[in-house]
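The values are calculated or read from the model by the stated rules, or taken from the named source; none is laboratory data. Please read all numbers here as calculations on a predicted model, not as lab measurements. Using ideal geometry, Cβ is built from the backbone for each residue, glycine included, and neighbour counts are taken over all protein chains shown.
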Amino acid sequence: METKLYSIGDLAEILQLHPKTILRFIHEGKIAARKVGRAWRVTGADLKAFCHGELANKETLDQSLRYGTLKDRIKISAVIEINEQNSEEASRISNSIMAMLNCDREADGRARFDFYYYPEIQKAKYVFYGSPKFIGRIVSAFELLCEVKED
């Protein structure tokens, strides 16, 4: 029996969501997916499991009732805003943070980072979501940036 595989574009159309939202759900583990070459694919069963949530099968419901340790369950968010006249400088900081995250094996895809720049008010906003240890490292990195003396 052949299994139907859905692409990100297929899911975006079916679920009426933006493709980036679908990718975020995959990275957060909300939608089970597999890499086929360079593209993500979702089986019909995994799509059904996402659409029906805990009603899709009893195993999912039973697993959701097992909470584990606080370390496994806790997530922290942090927002760092910087008054920044230069969008290039804000992007440079964002790229540095992304490089740091890509090297962080402990984050294991469970940490998240979003960057926004508002030119009309000259403000950069960095939004983080992850474990206490991850957020602590982010705050420490920004503390180091604040200590760097500008020429």
(Q) Six or more apart or on different chains, Cβ atoms under 9 Å: show the pairs whose first residue is in the range 137-149 and farther than 12 Å from Ile80 by Cα and whose second is part of a helix (DSSP H, G or I) and of a type outside the set (A, V, I, L, M). (A) Leu145/Ser96
**Q.** Selection within the range 19-50 - modelled with pLDDT of 90 or more and surrounded by fewer than 11 Cβ atoms within 10 Å (Cβ to Cβ)
**A.** Lys20
(Q) When the residues of the range 93-133 are narrowed to those that are buried (at least 17 other Cβ atoms within 10 Å of the Cβ) and polar (S, T, N, Q), which ends up modelled with the lowest pLDDT? (A) Ser131
Q: Pull up the range 1-51, narrow it to residues that are charged (D, E, K, R) and part of a loop (DSSP other than H, G, I, E, B), then point me to the one that is nearest to the chain's Cα centre (by Cα).
A: Glu28
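Report whether or not Gly136 is modelled with pLDDT of 80 or more and under 28 Å from Leu11 (Cβ atoms). Lay out the reasoning, then the answer.
Working: modelled with pLDDT of 80 or more: yes; under 28 Å from Leu11 (Cβ atoms): no.
No.
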